[in-house]
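Shown next, in structure tokens, is the structure this report addresses.
Just so it is clear, none of the values below were taken in a lab; they were calculated from the coordinates. Quantities reported herein were computed from a predicted structural model and do not represent experimental measurements. No Cβ is skipped: glycine too gets one built from the backbone with ideal geometry, and neighbour counts run over all protein chains shown.
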Amino acid sequence: MRAAGRSWVVKQARPALERFPQYQAPTERIVCEARWLETVRPLDRERVCPAVVAFDEAARVLVLEDLGAAPRLDAWLAQGRDAREPAVRLARFLGAVHAATGDPALAARFANAAMQRLHGDHVFDLPFRENDFPLPPAVRARAEALWRDGAVAAIAAAAYRRYLEPRGVLVHGDVQAGNVLLAPRGAVLLDAEIAHVGDPAFDLGTLLAHLWLPAAARGEPDAAEPAVAAAWSAYQAAAGAAPSVRDDARRYAALEMLRRTLGAARVAAVAAPEASLAVLAFALPLLD
């Protein structure tokens, strides 16, 4: 939307997801996104979130600042570029939000169970049982072996139960690289439609997964370690997180990388079968 030399981004929640129209989604998701932006604004000193111009709850329309032609973080990572700066900025912000939002009363304002479950099914369930997702033959063979074994499915099911527990802190719910724009002011985190009260390690794990995944797909996961280590340090400093959170986040990260390789929302980095297999080889040991 553009007027008098200014432009905005206008989002309207519809009953089906744009990328996956076969999935119905409650329009209340945009209410949760608007509430997320409102709740975190006092904590967002570095302007990691886009500014809200207007919100019409009845029409399910959210108007945000336009960040122009800012590149996405996933494109940056695909080029093998140094991601420490955006990783630190995002992790520090998440840590600040998680540290400040432990009030149980928040759960009632973020009653987003349908979106949480829709997302959770695709992270923790569907990729680890028989399905018809279009996978290259070598990747499908590896997936079928994992289904038959059942060990990964059991780990994922336990993680899913934890993810669904209605306690914890306010989480964004989808801190993937495709939801991050690299604006002149730094990384900007978008699309909080899955925001809910839950496990803080899930946000951190999703971020770490997307820092690791492109490097793992190239067969050089160690190249991501500087950004991963910097993100953890920044998060721990902001959140005061115990070391055990890192273990929980690593498990969530592994499951996110697996679902981005075996699930419906495969990413471009794993398009080649050898890249998919490289990600599986890296991610599976992180479940232990």
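Here are the numbers for this structure:
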| read-out | value |
| --- | --- |
| Overall form of the stretch 21-65 per C-alpha gyration tensor (a/c, 1.5; a/b vs b/c) | prolate |
| Net dipole in debye of the chain [+1 Lys, Arg Cβ; -1 Asp, Glu Cβ; about Cα centre; nearest 20] | 320 debye |
| Percent of alpha-carbon pairs separated by more than 25 Å within the chain | 46 percent |
| Per principal axis, descending, Cα span of the stretch 50-175 in whole Å | 49, 40, 32 |
| Label-point gap, in nm, between E85 and V53 - each point 7 angstrom along Cα→Cβ | 2.7 nm |
| MRE, 222 nm, helices only [DSSP H, n ≥ 4, -39500 (n - 2.57), over the chain, to nearest 500] | -15000 deg cm²/dmol |
| For E220, net neighbour charge (Lys/Arg +1, Asp/Glu -1) across residues whose Cβ lies under 15 Å away | -2 |
| Reduced Cα scattering model of the stretch 229-288, Debye log10 I(q)/I(0), q = 0.12, 0.23, 0.26, 0.27 Å⁻¹ | -0.36, -0.88, -0.98, -1.01 |
| Average Cα contact separation per residue, the chain, under 8 Å, 6 or more apart, as relative contact order % | 23 percent |
| Stretch gain in nm, segment A114-D222, where the contour uses 0.36 nm per residue and the Cα spacing is subtracted | 35.2 nm |
| Cα gyration tensor shape of the stretch 74-135, rounded if a/c is under 1.5, else prolate or oblate by comparing a/b with b/c | oblate |
| Choice from A272, A192, A91 showing the highest fluctuation, given a GNM over the chain with Cα pairs closer than 10 Å | A272 |
| GNM top mover of A253, A105, A195 - the chain, alpha-carbon springs below 10 Å | A105 |
